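Report on the structure given below.
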Amino acid sequence: MKLQLSFLFCLSLFFHEAFSLKFPLPETGNDLVGELQVVTAQKGDTLSSLGMHYNIGYYEMTEANQGLPKVGRLKPGTEVLIPSRFILPSVRKGLVINLAELRVYFFPKDEASVYTFPIGAGREGWNTPQMTTRIRDKKKDPTWIVPDSIMAESLSQGKALKKFYPPGPENPLGKYALYFDAPGIRIHGTNIPASVGKRVSHGCIRLLPDDIESLYENVPIGTKVTITHEQNKAGWDNHTLYLESEVPFSEYHDSESALQAINRATKNHPATIDWARAEATQQDEDGVPTAIGYDEHLTSLPPDEGEDELPSPENIG
């Protein structure tokens, strides 16, 4: 866990503030939004419950806190990293769903901001497809008509499903659904909030109740949807270059390798790169943006920028 990073700050769970998942877009040439946080676990806290409080998915929490138990209660006093800083995806239009990150980004057409929320996605054998589509329809209080394939799977497991689930607490779609211009796939709420941030669905994308309501209210019909598997993202925050690597899902095609992501980020913005740190970040796959280089024209670090994150530029090999 990279607790030495200078932009981390500590919060006690006795003083929670709701984490905002709507950010102003960074200035031109910059790619990061949000801030990392460190919280102190209290009695009864788990990685899942802390993640839900800060709107961070389960896999995101376990990847960022690899030394802590994935399930079960945390020891009170344990420092927990909240990975609430993000390198924006390479596509920045409409809805962008990054399966590797289990996170959706929404870029409103007439607003210089971005919304981002954790998602649940299709499990192995029911993979959410990588594709480009659009929002065809939106419904409040949708009815779930159980597909024959899901009905057959349920029966094979000795479970009986009803053919129709009207609006209500038993409906797995929750209170809102956004339908794609592609058969069988939609974004919807859930009646099992703990499933968000995991691969548990039959291919659809599920969000926490407040998050799907926000998308329902703000995403217009016709919005472009890009579903990708972007395991590696590289981007700039002022003069500092960052790399973020996720644990990949083996059955998906990655949009870019770490080297390709770095090359794209530095094509028009040359950098002096600590390649050992870049390789370590890729191998860690903790989903945390990590400083790996600086603007190659720097001879000394700007004030308050990465002073204890990375050696001075002249010492980077």
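The values are calculated or read from the model by the stated rules, or taken from the named source; none is laboratory data. Because the structure is predicted, anything quoted here is derived from the model rather than measured. With ideal geometry, Cβ positions are generated from the backbone for all residues, glycine too; neighbour counts draw on all protein chains shown.
Annotations for the structure displayed:
- Residue count for segment 71-112, restricted to those that are outside any strand (DSSP E or B) and touching a strand residue (DSSP E or B) at 6+ places or on another chain (Cβ under 9 Å): 19
- The single residue among 64, 100 that is in contact (Cβ under 8 Å) with a residue 40 or more places away in the chain and closer than 20 Å to residue 252 by Cβ turns out to be 100.
- Of the residues screened, residue 152 is one that is farther than 30 Å from residue 54 by Cβ and not in a strand (DSSP E or B).
- Residue under evaluation residue 255, criteria (1) among the hydroxyl-bearing types (Ser, Thr, Tyr); (2) part of a strand (DSSP E or B); (3) closer than 26 Å to residue 35 by Cα, criterion not met: (2)
- Of all residues in segment 267-300, those being more than 11 Å from residue 243 (Cβ to Cβ), among the hydroxyl-bearing types (Ser, Thr, Tyr) and surrounded by 14 or more Cβ atoms within 10 Å (Cβ to Cβ) number 2.
For (1) surrounded by fewer than 21 Cβ atoms within 10 Å (Cβ to Cβ); (2) in the same structural domain as residue 117 (by TED's automatic domain parsing); (3) over 10 Å from the mean Cα position of the chain (by Cα); (4) β-branched (Val, Ile, Thr), each residue gets a yes or a no:
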site	(1), (2), (3), (4)
60	no, no, no, no
66	yes, no, yes, no
76	yes, no, yes, no
82	no, no, yes, yes
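- For segment 171-185, the criterion of being surrounded by fewer than 19 Cβ atoms within 10 Å (Cβ to Cβ) and closer than 30 Å to residue 32 by Cβ is met by no residue.
- Strands (runs of 3 or more DSSP E) (entirely within segment 170-213) containing at least 1 residues that are in contact with a Ser or Thr (Cβ under 9 Å, 6 or more places away or on another chain): 176-180, 199-201
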